[in-house]
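The values are calculated or read from the model by the stated rules, or taken from the named source; none is laboratory data. None of these values were measured; they are calculated from a predicted model. Here the Cβ is made from the backbone with ideal geometry for all residues, glycine too, and neighbour counts use every protein chain on show.
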Amino acid sequence: MSEFKFSEENEKKFQELLKRYPDRASLSLPSLWMIQYQEGWISEEAMVFLADKLGTSPMDIQGIASFYTMFNLEPIGKYHIQVCKTLSCKLCGSEKIKSHIENKLGVKFGETTKDMKFTLTEVECLGSCGTAPAMSFNDDYVENLTVEKIDELLDTLK
Ligand code: FES
């Protein structure tokens, strides 16, 4: 039996969505998003809970959750910085931006600060190539990145 449970609000949302989807299994992705917004990441316990709820296996849920890179399969920091590593951003200076962020926060990409405040992740194209270099900062995009923009953002949060 899983320790994880949907919050009251998510349980309500789940019940509402059930009426609109053809079967329980097709609720996998929206349910994974609900879990991630609730907990910040998707634990094995949450996968077991969801599998039980959807009448599928934890392995199926794990397969879906691990296929999509936007799902966090381990705890992340309060602020998730995801810098694009694809061509347009690279040509426009994303490497310099990444080094600056790493030096400023004292962790490398792929790591989380000890105080669980910041997690740094490299991602593929964010679909914002026209405003490269770009990153996402939790649910927001920050575009036309410069070292000054990074300083302005991080200095208010440190
Ligand atoms: S290449 Fe970076 S947003 Fe597309």
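Regarding the range 104-113, can at least one residue be identified that is modelled with pLDDT under 95 and of a type outside the set (A, V, I, L, M, F, W, C)?
no
How many of the residues making up the range 98-120 are part of a loop (DSSP other than H, G, I, E, B) and within 16 Å of the ligand (Cβ to nearest atom)?
1
Which of the residues spanning the range 125-137 are surrounded by fewer than 11 Cβ atoms within 10 Å (Cβ to Cβ) and assigned to a loop (DSSP other than H, G, I, E, B)?
Gly127
Kindly provide the set of residues from the range 73-97 that are of a type outside the set (Val, Ile, Thr), more than 14 Å from the ligand (Cβ to nearest atom) and buried (at least 17 other Cβ atoms within 10 Å of the Cβ), ordered by number.
Gly77, Tyr79, His80
Quick one: which residue in Glu16, Glu74, Glu11, Glu45 is part of a loop (DSSP other than H, G, I, E, B) and of a type outside the set (Phe, Trp, Tyr)?
Unique residue meeting the criteria: Glu74.
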